[in-house]
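Undergrad: After the structure tokens below, expect a handful of questions from me.
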Amino acid sequence: MNSKSLFSGIGLIVIAVALVIGVAIISVLPSLRIDLTEDRLFSLADGTRNIVANLEDPIEIMFFYSESLAEDTPQIRSYGTRVQELLQEIVIASDGMLSLRVIDPEPFSEEEDLATEYGIQAVPVSQGGQEIYFGLVAAQGGDLADAPMGLRPSETLPLIRPDQEEFLEYEFMKLIKNVANPERKVIGLLTELTIDGGFDPSMGQATPSWMIMDIIRQLYSVRRIENDADSIDEDVDILMLVHPEGLSEQMLYAIDQFVLGGGETIVFLDPNADSMVGRSAEGTLVPAGMSSDLPGLLTSWGIDYQSDKVLTDSDLALRVMMTQGGRPAPHIGMLGPKRDNLAGDDIITSRLESINLSSAGAIAHAEGATTQFAPLIQSSKNAMLMDRGFIEDVADPSVLFDEFVSADQNFVIAARVSGQANSAFPDGRPAVSEPDVSEPEVAVPDDETDVTADADTDAAQDADAAADTTATDDVAEVEDGASHLASSAGDINVLVFADTDMLTDRMWVQVGQFLGQRIPQPFANNGDLVVNALDNLSGGADLVSIRSRGRYSRPFTRVVNLQREADDRLRVEEAELLDRLAQTEEKLAELNQTEDGQIIGQVTPEIQAEIDQFNLELVETRRSLRDVQYQLTEDIETLGNRLKAINTGLVPVLLTLLLLVTGYLRGQRRKRIA
């Protein structure tokens, strides 16, 4: 095409069309992403996309980040960049319903005052260094964007912690979802335990509610469900079952349909609930309803559970005092799982350190189940299941060790169950059994016989009519069948814990009193576990489905290995130095005493010689430590130089050789064609 045709009318039209197409492609590019990272670090979860796609009102995201103060801290600066990139991805996916504002709260500025008002915490970068802000706020936008802060619904993440990098997407979406739905979630609580307080007959007074319920009521609206009820209110968001026992078929059916309909559920079972052991007015122990189960429901959810077996674990045994003033002894029926026994990739347990349990049970994934089973808490391999009756009768925990034989396997104490499930009631709602209400016969005078007979006849006719009506209604309900779910509409989401004693105060918290208020002082993470679980369930299926992400930082494994080897050598050298120091101090103490043990009180030539010898060894050891550190730096620099040489020299050489070979082959092909 020559210059005349290019600047002709048709040419200019072609150029204009090409420019429009180019601009359109560029405008579309921000929503197009190709994620080539190993862990799909820049790909949003489907749950995230569903949440932002269903937003009804605009939401403003404010990222408070002291970028100017973090310039000299590469780790924080790179982490801040990763946070912004993830937030931008979420904003792009929202199709305009989310907006992002990055705020740098410089000292004594209005932005710093705004950060403080929203509850963002300033943290020091180093000891004695400047404090930086690194938090997130989500607030309703639209018509409320200019409203005072108190009238604008908002949620705050005071500090975006680097050690929780894998859960950034989950934390951000939880913030957004809470702002989009600010109403308190309703928890339906079904239990026979005195979790909400009760009455102690031995003391003759009321007992307070368990501390876990005080905490839950601060965060959620709790509604009690009676055991003899036959339905669950439609506005219940989370169903919480604590030690369910003796439930009617109607209640079991209601639970079944609630779960299949997408209701979030948390279940606490127990083969041996210690909290059910009460005391009579005479002070004697009165056990009642020690085990709990959900017959039929657990099987339909793909869970195996033995309500007559208690889990024992020799490695996780807690040390307890069985008598007042007694000596603490390990009790293999009372367990203390640590971080290694908790699921590190689940938001519920990832931040926890220890959980205390008592006479817990074990659950497992049923063979052939259609659901997914993700363990949250597991025992060690040095564990076994014991009969509940044996555990109940043991007063001395040392006796348990005599019967303990390790099964050499990990038992699951708590798990998340999800996926497709079928109803435990394939034939629909079970029939209601009518109680026998027959009235006793009453003698009637002869002159009233006819009247009574007529009345009986009328009553019988009315009863028959009522029965016909009831039968017609029942048939209509069965024939309708619309209210019965034979299988789950989507994925169910159930958290199952095989222990209820973990909720009692004695297992995780000491409760103090201050100005009439109960102050919890936790010594285990049981309360955090329950709050995390409810927090997770309250977000719905989309929030639960958001996976933990991999870490963005990908250190060179070779450098890490070099540092580890150097650390090992440093520890060995330091340990040897400390041993020699202890030996020198011991020898100096001996030299500073006479034969009868009297302190000399002066520096003798022998003491001075020993001190001089130790000082020489100290200098030599420090030199060795410096050599180790120097060698580490030298090895890392050598590795870096090799990588630089490969990137700057070898790669261009290889590309040049490739071009030369390609040119040679093309030349040979032309010669053959000619």
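Undergrad: Search the structure for amide H atoms under 5 Å from the amide H of GLY198, placed 1.01 Å from N in the peptide plane, and list their residues when 5 or more places away or on another chain.
TA: THR207
Undergrad: So how much slack lies between GLN84 and ASP308, counting 0.36 nm per residue of separation and subtracting their Cα-Cα distance, in nm?
TA: Values: separation 224, 0.36 × 224 = 80.64 nm, distance 5.24 nm.
So the chain would gain 75.4 nm between GLN84 and ASP308.
Undergrad: Under a 1.4 angstrom probe, counting protein chains only, how are ARG670, ARG161 ranked by accessible area, largest first?
TA: ARG670, ARG161
Undergrad: Ok, one more. Under the rule a/c < 1.5 gives rounded, and otherwise a/b versus b/c splits prolate from oblate, where does region 226-272 land using the Cα gyration tensor? If you can, show how the numbers build up before the last one.
TA: Values: a/c = 1.94, a/b = 1.29, b/c = 1.50.
The shape class here is oblate.
Undergrad: Which of the residue pairs LYS309/LYS381; LYS309/LYS338; LYS174/LYS381 have a Cα-Cα distance greater than 25 Å in the structure shown?
TA: LYS174/LYS381
Undergrad: Moving on. Sketch the reach of a paramagnetic label on GLU183 as a point 7 Å from Cα along Cα-to-Cβ, and name the residues of region 240-269 whose backbone nitrogen lies under 19 Å away.
TA: Under 19 Å, as judged by backbone N against the label point of GLU183, lie 240, 262-265 of region 240-269.
Undergrad: Assign unit charges at the C-beta atoms only (+1 for Lys and Arg, -1 for Asp and Glu), then state the dipole size of region 372-434 relative to its Cα centre in Debye, rounded to the nearest 20. The partial results should precede the final answer.
TA: On the way: 4 positive and 9 negative charges, 110 e Å.
For this selection, approximately 540 debye.
The values are calculated or read from the model by the stated rules, or taken from the named source; none is laboratory data. None of these values were measured; they are calculated from a predicted model. Glycine gets a Cβ as well: all are built from the backbone with ideal geometry, and neighbour counts include every protein chain shown. Remember, those area values only see protein heavy atoms, side chains included, never the ligands or the DNA or RNA. Shrake-Rupley method; radii C 1.70, N 1.55, O 1.52, S 1.80 Å.
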